[in-house]
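Below is one structure, written out as structure tokens; comments come after it.
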Amino acid sequence: SGLNVLEFGGGLVGRQSLWLRGGFPESALAESDAEAMQWLEDLIRTYLERDIPQMGFRVPATRLRRLWTMLAHLQGEPVNHAKLGANLEVDGKTVRHYIDILTDLLLLRRLAPWHSNVKKRLVKSPRYYVRDSGVLHRLLGVSGREALLSHPVMGKSWEGFVMENIHSILPRDVETYYYRTAVGAEIDLVIKCSTGETWAVEIKHGSAPKLGKYFSRSCEDVGASQRFVVYGGEDEFPVANGVTVIGLQRFLLKIGRLEKP
């Protein structure tokens, strides 16, 4: 993982900058957003045109970039391999192979669905996130903060940024999933701790986040002992049904305590 908000610091302004530019130090510490985006463009091209071929993968760079960009538009959404394949003029099996390459090279994060036996029809397809938010924004052509806040993928971009920050400090024996039923009840992130605790985490960017009507029921389905909403602010306060609304930095500090006996 790249830099997280605990390592980068800078409060709200620093967090917004890190979200836009991503966690690569050369991008995060660039003198301007434009310089950061140019560095990220160079990184993407180098990866596709030099690094991936040198690792032995025979994939046309132009096609792989198109797929990577399509996945950026589908950040955290279900992926239809056949549909993506039709757009790329390859079959669904080839798309799966390309996605596996991007995942194995740590460019995508694959989040598995919750699979424990509950008496409901669950969505069983994994979700994919472009791991670095700066790379995500460069693929989408987002060049600045205002462009990000008005982009249709803004909510999912924040979700992926929070996901990556959380995963960057989780203990290795912790398992993570998402939960979604066929009728739309969902939890963005389910953290299953080695202690037996299960944390349910919903991710919202707004300063006054609103929970879906099925969230409490979904928490009961997964046996959540802790319920959180990680939002775009910095405070921590309780709301109904045992849910705590909490800023990202505060939440990471809570996660850090999981490693302590």
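The values are calculated or read from the model by the stated rules, or taken from the named source; none is laboratory data. From a predicted model like this one, the values you see are computed outputs, not experimental measurements. FYI the Cβ positions are ideal-geometry reconstructions off the backbone, even for glycines, and counts take in every protein chain you see. Ligands, DNA and RNA are excluded from the accessible area calculation, which covers all protein heavy atoms including side chains. Shrake-Rupley method; radii C 1.70, N 1.55, O 1.52, S 1.80 Å.
Considering only protein heavy atoms, what per residue accessible area in square angstrom results for region 206-248 with a 1.4 angstrom probe? Intermediate results must be reported in sequence, preceding the final value.
Working: 2210 Å² over 43 residues.
Result: 51 Å² of accessible area for each residue.
Residues of region 125-162 with an amide N closer than 13 Å to a point placed 7 Å from the Cα of SER32 along the Cα-to-Cβ direction: 144.
Entry comment: accessible area of region 31-93 is 59 Å² per residue, from protein heavy atoms only and a probe of 1.4 Å.
Scan region 34-118 for trypsin sites (Lys or Arg not before Pro) in coil per DSSP, keeping those whose Cβ has at most 15 other Cβ atoms within 10 Å, and list them by number. Those that pass, being in a loop and sparsely packed, are ARG58. The accessible area of LEU122, taken with all protein chains in place and a 1.4 Å probe, comes to roughly 30 Å². Computed about its Cα centre, the charge dipole of the chain is approximately 1000 debye, with only Lys, Arg, Asp and Glu carrying charge at their Cβ. The distance between label points at LYS120 and MET154 comes to 2.9 nm (points 7 Å beyond Cα on the Cα→Cβ vector). Sorting the Cα pairs of region 154-261 by distance into bins of 5 Å, from 0 upward, gives 2, 12, 25, 26, 22, 10, 2, 0 percent per bin. Within region 6-129, what whole-number % of the accessible surface is contributed by carbon and sulfur, with the 1.4 Å probe and all protein chains included in the calculation? Here carbon and sulfur together make up 51 percent of the probe-accessible area. Extending 7 Å from the Cα toward the beta-carbon at both ALA147 and LYS213 defines two label points whose distance is 3.9 nm. For the chain, the gyration tensor built on C-alpha atoms gives an oblate shape. Its axis ratio a/c (a ≥ b ≥ c) is at least 1.5, and a/b is not larger than b/c.
Each Cα pair under 8 Å and six or more residues apart adds its separation to the average, and for region 91-239 the resulting relative contact order is 18 percent. Selection among ALA82, GLY247, ALA182 by position relative to the dipole of the chain gives ALA182 as farthest towards the positive end (Cβ unit charges, Cα centre). Between THR62 and GLU7, the C-beta separation translates, for a Förster distance of 45 Å, into a calculated FRET efficiency of about 0.80.
GNM on the chain, alpha-carbon springs under 10 angstrom: the most fluctuating residue among LEU149, LEU248, LEU139 is LEU149.
When you restrict to C-alpha pairs under 8 Å that are six or more residues apart and normalise by the size of the chain, the relative contact order lands at 16 percent.
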